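A short worksheet on the structure shown next.
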Amino acid sequence: AQKVTQAQTEISVVEKEDVTLDCVYETRDTTYYLFWYKQPPSGELVFLIRRNSFDEQNEISGRYSWNFQKSTSSFNFTITASQVVDSAVYFCALSEAEGRDDKIIFGKGTRLHILP
Amino acid sequence: KAGVTQTPRYLIKTRGQQVTLSCSPISGHRSVSWYQQTPGQGLQFLFEYFSETQRNKGNFPGRFSGRQFSNSRSEMNVSTLELGDSALYLCASSLAGTALYEQYFGPGTRLTVT
């Protein structure tokens, strides 16, 4: 069965510090997709990244970077030089292959506080 | 391009009543998914509609149902409301599914059941 674990419920860091949000997943499929979403205080989830299981290349987008390691079933998210606007709840999610009872499972989320 | 819109934004209902929530996807998107978000259970997938057909369903009782119209707009219905149905209901649209394409979320409908 699918499962996504975000062990960090809440994290607080001072602005400009780097912070890593952990995500560990479980799936029996060889083809699956991993996602990160951001939910700011306004409530609307914002897509950050999608990764398929065959692409383990790390990705960097500005101050954001993602580290995907199949060996440890982890898909961690790092914010470099954090800013107050990064304060939000971040969700990691997993979806198994399209067309096979495709459902998306979200982790419980990590609430990130960036302190000025 | 207009984003995903959900109406109403806030709703208060009484136990036993039923409720219908509406979602208008981004133009051109054919897939609409619904999610329930509560403090206790987090974000849970309700169902996904694609081309007017329910393609996937989460683990929710039959009181939760939905439909999609030919213009891709979707409605979600909850009958015989229970206190535990109080939640933020989020709708998301994508080109063709929850896995292969990124989803764009609406602002949600906050339902309070008293």
Query - Residues that are among the hydrophobic types (A, V, I, L, M, F, W, C), within 14 Å of chain A (Cβ to nearest Cβ) and surrounded by fewer than 18 Cβ atoms within 10 Å (Cβ to Cβ), drawn from the stretch B:56-87 - result: B:PHE60
Query raised in the report: Do we have any residue at all in the stretch A:34-45 that's free of Cβ contacts under 8 Å to residues at least 24 places away in the same chain and surrounded by 15 or more Cβ atoms within 10 Å (Cβ to Cβ)?
Result: yes
Query raised in the report: In the stretch A:40-82, which strands (runs of 3 or more DSSP E) lie fully inside it and hold 2 or more residues that are among the polar types (S, T, N, Q), more than 14 Å from chain B (Cβ to nearest Cβ) and touching a strand residue (DSSP E or B) at 6+ places or on another chain (Cβ under 6 Å)?
Result: A:64-69, A:74-79
Query - Boolean, A:ARG28 is without any contact (Cβ under 8 Å) to a residue 40 or more places away in the chain and surrounded by fewer than 16 Cβ atoms within 10 Å (Cβ to Cβ) - result: yes
Report task. Report yes if A:ILE114 is within 11 Å of chain B (Cβ to nearest Cβ), surrounded by 17 or more Cβ atoms within 10 Å (Cβ to Cβ) and in contact (Cβ under 8 Å) with a residue 40 or more places away in the chain, otherwise no. Result -> no
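No lab work stands behind these numbers, since they all come straight from the coordinates. All values derive from a computational prediction rather than experimental measurement. Quick reminder, even Gly has a Cβ in these numbers, built from the backbone with ideal geometry, and neighbours come from all protein chains shown.
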